[in-house]
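A short write-up of the structure that comes next.
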Amino acid sequence: MMDRDSNWSAAKAGERQQGVFGSAGEASRGAAFSRNEPEILPPGAEPGSGSNGGWGWQGSRPAEPAYSNSSSQNFEQQGEWTPRPSAPQRKRHAWTFAPATYTLLGINCLVFLGMVLTGTSMISPTTAQLLKWGANCGPYVLVGGEWWRLFTAMFVHVGIIHIATNMWCLWNLGLLAEPLMGPFGVVAAYVLTGFAGNLLSVARHPGLSFQNGQMVPADSWIVGAGASGAIFGLAGVLILLLKSKRLPIPAIETKRLRWSVIQFAILNFGIGLYTAFGKSPVQIDNMAHLGGFLGGLALGMPLVPRVGSPRALFERRRMLAIGGMAFLLALLTYGLHSFWR
């Protein structure tokens, strides 16, 4: 959701802004299904069943057509070929088509609502208010041992504009990703890539330095908050998954969707670079974006060979990819902890 993942200085807090994802990701539009069920069914569609295309004989039908010299039996008097009635379909509410996406949206909105109701500024929260709610900050993580901030920071936002743009991007990318990855895959991608982005941000901006062999605080600290790392992670996964030729979606549609995600990533990386080197009052944590995006590519790579395969094969490959990604992040976290210990 290309969030305004905000960088804040202890001396001067600057408001950050996020890029906006242009076109809505409509994941399941125009999906065509084969008899082999894909690993994750796009929302609102079920493969057909039966070998005769859904048509059957209704009425009493004789076992064998009998003919005589005098007259022939008229089958239409006993029955006719009519569309076979389909099994009653259970009504499904729209949110159940992408439960993970809407759950993540709800958690982010509830956290922001809690911040506002407890006195946090809706427009421009202070650094202290962000840290109170779990924003990411190098010294707090590396010296204070508050590693949980690498998780909580992906649900904390810097004002109403920040969360609005982030949730818009999360909604678009989530609805596109969930039919391909399933609810569990989307949640795992959000958490793991968001963690990867925050971890790279702390590694690049630790807020600490060594002087005469002693570890001392740096002149300024960077406080980061927002779901942008996780959103970039979803974008990275989608760029790879939509490349698969085994998806039950027309090639022209997957190409259009993939190009839309690529444009989204390029646009928001460009905005981040401008805020880093140009004259802009907005501050963006480009390391969180980059870390999330690279994490998304790493997570999506093992999944590509199984996209479009039977569900069981895909789910096994998905578990291996998630487990491998979690193990890699654990190693990197331990390495960073050991370096600053």
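Details
- Dimensionless Rg over Rh [segment 88-221; C-alpha; Kirkwood]: 1.08
- Of all accessible heavy-atom area on segment 158-216, the percent that carbon and sulfur account for (1.4 Å): 68
- With all protein chains modelled, accessible area of Glu315 [1.4 Å, Å²]: 70
- Cα-based shape type of segment 162-276, given that a ≥ b ≥ c are square roots of the gyration tensor eigenvalues and the cut on a/c is 1.5: prolate
- Extending 7 Å from Cα along the Cβ direction at Leu313 and again at Trp340 yields two label points whose distance is 4.4 nm.
- Rel. contact order, % - alpha carbon contacts under 8 angstrom, at least six apart, segment 102-260: 28
- Kirkwood-type radius of segment 202-341, with distances r between different C-alpha atoms, in Å: 17.5
- Accessible area (Å², 1.4 Å probe, nearest 10) - Cys109: 70
- Of the whole protein surface, Tyr274 contributes about 130 Å² of accessible area at a 1.4 Å probe radius.
The values are calculated or read from the model by the stated rules, or taken from the named source; none is laboratory data. Keep in mind that what you see is a predicted model, and the values were worked out from it rather than measured. Neighbour counts run over all protein chains shown; Cβ positions are idealised from the backbone, glycine included. Accessible surface areas use protein heavy atoms only, side chains included; no ligands, DNA or RNA. Shrake-Rupley method; radii C 1.70, N 1.55, O 1.52, S 1.80 Å.
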